[in-house]
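The values are calculated or read from the model by the stated rules, or taken from the named source; none is laboratory data. All figures in this text were calculated on a predicted structure; none of them were measured in a lab. Here Cβ is always computed from backbone atoms with ideal geometry, including for glycine, and neighbour counts include all displayed protein chains.
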Amino acid sequence: MLIYDSWLLKRSLRTQIIFITICRFLVSAKSERSLIKAQKHDMGNIEAIKEKGLRILLVDDEERFRRAMARYLRSQFKTDVRHVGSGRAAIQEFEKGNPYDVVFLDLMMPDLTGVQTYLELKKKNVTSRIVFMSAHSNSEEWEKAEQLGLDPIAKPITDEKFAEIFSEL
């Protein structure tokens, strides 16, 4: 009787393992199909963004970050990117009459902070979408931006966030 019970137990366990394996496979296959569908949707979204020919001003005091982000935005979204290292340089870009669809503005900069730059740009009636960014989400500047009703985003910025921002334009 013990041998028979042992055999039934092994058979039952084997059946459960097979069942679990099949369920995992089906869930995985469904997830993969969903992922492929989402990627196709995202690719369509990215293609639509590329066709917009967006002009972007990137304002950050860290040159290596600016260059890397500018290169990435050009290659991924086919945008026209100009980058400057200070809030004053950003203001000068608009004083020269250069139009931009989006301004990515670092909050923590030495000469003018992102919030100070934003306020100056608003005085000049700049209508570009301004996106605050920072690697310091617990900073005083982050809180100031939130108090103005703005929604800063954390660096590094994800593809999904870029696509969301660009799709809204």
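A few points about this structure:
- Condition check for Glu141 on (1) more than 27 Å from Asn45 (Cα to Cα); (2) outside any helix (DSSP H, G or I); (3) of a type outside the set (A, V, I, L, M, F, W, C): one failure, at (2).
- Cβ pairs under 6 Å, 6+ apart, first in segment 77-88 and more than 10 Å from Gly53 (Cα to Cα) and in contact (Cβ under 8 Å) with a residue 24 or more places away in the chain, second hydroxyl-bearing (Ser, Thr, Tyr) and buried (at least 17 other Cβ atoms within 10 Å of the Cβ): Gly87/Thr117
- Residues of segment 71-114 that turn out to be in a helix (DSSP H, G or I), basic (Lys, Arg) and either within 20 Å of Val126 (Cα to Cα) or outside the structural domain of Asp61 (by TED's automatic domain parsing) (or both), as a count: 1
- Within segment 134-147, residues that are in contact (Cβ under 8 Å) with a residue 24 or more places away in the chain reach partners that are surrounded by fewer than 12 Cβ atoms within 10 Å (Cβ to Cβ) and part of a loop (DSSP other than H, G, I, E, B) with beta carbons closer than 9 Å, at six or more positions or on different chains, in the pairs Ala145/Asp151.
- Yes/no for Val102 being in contact with a strand residue (DSSP E or B) (Cβ under 7 Å, 6 or more places away or on another chain), free of Cβ contacts under 8 Å to residues at least 40 places away in the same chain and buried (at least 17 other Cβ atoms within 10 Å of the Cβ): no
- Considering only residues in segment 89-98 that are surrounded by 14 or more Cβ atoms within 10 Å (Cβ to Cβ) and out of contact with any helix residue (DSSP H, G or I) (no Cβ under 7 Å at 6 or more places or on another chain), the one that is farthest from Glu47 (Cα to Cα) turns out to be Ala89.
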